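Computed from the coordinates by the stated procedures, all read-outs in this text should not be read as laboratory data. No experiment lies behind these values; they were computed from the predicted model shown. As a convention, Cβ positions derive from the backbone with ideal geometry for all residues, glycine included, and neighbour counts pool all protein chains shown.
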């Protein structure tokens, strides 16, 4: 294998797969809180209870970053983490995607601007995790799921803000290192904007179903990859990363070994523009798409193995940025 396909350490990690000896109990506690008022835990169960099929015969290619170009005028640059804040990065980007999905679907919602990573990161570590990681960077996906569902998030810029939240990691180290986490005066505002309809993802079928429904999937695992895309936009599994990334849809690409198309997941990094290699991809439908900065493709089977580590979730909305009703315009 040449140097270009060798695994490097392109950035800090940050997923904590084991919190001492109590990780399983902690995971169970968070799951019990998340689903205490719901008759489901997994995405498949939620779909079944809604009377909806998990997989439909009609295929739809979904690349969530295309909504940024359509609604904001350009694709947003990849996050660039400088500490082990990947769990906050993945979950925050997932919430941004879902705001844009709501806008595109015609809901009365407005774009608040880029969201501050520090809220989910610090809430997950401190208000949810109890500060038990100490000075060690990182968090758990299930902690972030509870943080998103219970504590919420705010944009990097809003009226009266006295903190500098302009960068991807602004305040992550400071707030995430405090036992009390996010400043108390910001908590009531953040709690207005919480993630909705969170469910666990465990299987390839759930990944495809959620992706085709335009839902974002933050995935936590120890699966590493090469850092150069092949000519199909794909990176191969290699090495081990304790890391959180974001799945932003599902695609069927044109590939000589798959006459009916190869099912792949667009995997969003939070290490800036890496990996390198081709970014133009031809879909089985014949359409060509451009991968967003920091996105590479992975096989659906690889994704299923990552999800089987049971710290991958799906979210499909964010509450609280509804457009005001301008009734006086209606006369």
Which residue, 61, 97, 316, tops the fluctuation ranking in a GNM of the chain built on C-alpha contacts under 10 Å? 61
Taking only Cα atoms and a 10 Å spring cutoff, compute GNM fluctuations for the chain and point out the largest among 249, 294, 167. 167
Mind checking which of 17, 188, 278 has the largest fluctuation in a GNM of the chain, springs on alpha carbons under 10 Å? 188
With r as the distance between the Cβ atoms of residue 159 and residue 230 and R0 = 45 Å, compute the FRET efficiency 1/(1 + (r/R0)^6) and round to 0.05. 0.45
Among [x] 17.2; [y] 15.5; [z] 18.4, the value of mean projected area of the Cα convex hull in nm² computed for this structure carries the label [z]
Residue 258 label point, 7 Å along Cα→Cβ, cut-off 15 Å on backbone N: hits in the range 209-232? 209, 211-212, 230-232
Residues in the range 210-226 reached by a label modelled at residue 41 [backbone nitrogen below 11 Å; 7 Å Cα→Cβ]: none
At 7 Å along the Cα-to-beta-carbon direction for both residue 185 and residue 287, put a label point, then send me their distance in nm to one decimal. 4.7 nm
The range 61-318, relative contact order [Cα under 8 Å, separation at least 6], %: 25 percent
Considering the zone a paramagnetic label at residue 192 would reach in this model (a point 7 Å from Cα along the Cα-to-Cβ line), which residues of the range 147-170 have amide N under 16 Å from it? 151-162
